[in-house]
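The values are calculated or read from the model by the stated rules, or taken from the named source; none is laboratory data. Quick caveat, the model's predicted, so the values are computed rather than measured. Quick reminder, even Gly has a Cβ in these numbers, built from the backbone with ideal geometry, and neighbours come from all protein chains shown. Heads up: the accessible areas ignore ligands, DNA and RNA and are worked out on the full protein's heavy atoms, side chains in. Shrake-Rupley method; radii C 1.70, N 1.55, O 1.52, S 1.80 Å.
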Amino acid sequence: MPKLFLKQEWNFNMQLFYAPDIDVNNNDFIFDKEESKHIVKVLRKQEGDNLHITNGKGFLFISEITLASERKCVVKIVEHQFFEKRPYKIHLAVAPTKMNDRYEWFLEKATEIGFDEITPIICDHSERKIIKTERFDKILISAMKQSNQFYLPKLNDPIKFSDFIKQDISGQKFIAHCEETSKKELKNEIKPNQNYTLLIGPEGDFSSNEIEKAFTKNFSPVALGNTRLRTETAAIVGCHTFVLVNG
């Protein structure tokens, strides 16, 4: 039975691998052909080498390679540790950007900073209405591994703004928009250790109708600074603000 190991026994310079199907009941684990080839041929890992693996659900596994084959890399689980989730949750509901690479950049950086859930929302002024999320998953996984985190952010299917706000959403709810109305700074409105949902609109901002609908659902209008930000920048600033306020 794999044993738990102490937090101080590992460091954040490790190379992290992702295996969603691995769990504490595994004594051994077999990587698929693609990952096996990467481990053995590209990284030149050999039998006896250690690999650090997460399942994206809070677990870190230390394993030892017992079979180094490009077609089937087999490891023995030596130790594992479970990391509790932090006492707050960040849900970002962000409209797709006109250029897809900007949204992908946002996903990468937000994952490095730390957030829990992302929902692409289709708004009245959205220039991009059709969203393909296949690459989004890969970006989230890559960023999670690169930043040595053990929880994979949840990626929801794209949804219309009007349908999103109809959902039962708990915790503090904010909408960042550009209209010249009364708004408070997000950093001053955040209560520590809560669930947070932040709405970020497209390049053309939310429509007045969408803003009014958000107000009826108890979303509070907030500002993210003194300058007008791009969609992806606003989402990053919002994410970072939640993390900073919670220390």
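So if R0 is 30 Å, what FRET efficiency would F83 and E117 give, r being the distance between their Cβ atoms, rounded to the nearest 0.05?
Calculated value: 0.95.
Compute, for the stretch 1-146, the length of the dipole vector about the Cα centre, with Cβ point charges of +1 (Lys, Arg) and -1 (Asp, Glu) only. Units Debye, rounded to 20.
Approximately 240 debye in magnitude.
Compute, for the chain, the length of the dipole vector about the Cα centre, with Cβ point charges of +1 (Lys, Arg) and -1 (Asp, Glu) only. Units Debye, rounded to 20.
Using only the charged Cβ atoms, the result is roughly 120 debye.
How far is helix 134-146 tilted off the main Cα axis of the chain, in degrees rounded to 10, range 0 to 90?
Once rounded, one gets 60 degrees.
Would you mind checking the pairs K132/K184; K41/K89; K72/K109; K132/K191; K89/K183; K145/K213 and listing those with alpha carbons more than 30 angstrom apart?
Over 30 Å Cα-Cα: K132/K184; K41/K89; K72/K109; K132/K191; K145/K213.
Which residue fluctuates the most in the chain, going by a Gaussian network model with Cα springs under 10 Å, if the choices are K154, K33, K98?
So, out of K154, K33, K98, the one fluctuating most is K33.
Out of the DSSP beta bridges found with both residues in the chain, what percent are antiparallel (nearest 5)?
Percent antiparallel among DSSP bridges in the chain is about 35.
Provide the net charge surrounding P87, with neighbours chosen by a C-beta distance below 13 Å and charges set as Lys +1, Arg +1, Asp -1, Glu -1.
+2
Note down the accessible area of V245, probe 1.4 Å, to the nearest 10 Å².
50 Å²
When the helices in the chain are scored as -39500 (n - 2.57) per DSSP H run of 4 or longer and the sum is shared across all residues, what 222 nm value do you end up with, to the nearest 500 deg cm²/dmol?
One gets -7500 deg cm²/dmol as the mean residue ellipticity at 222 nm.
All other residues with a Cβ under 11 Å from the Cβ of S142 taken together, and with Lys, Arg as +1 and Asp, Glu as -1, what is their net charge?
Surrounding charge for S142 is -1.
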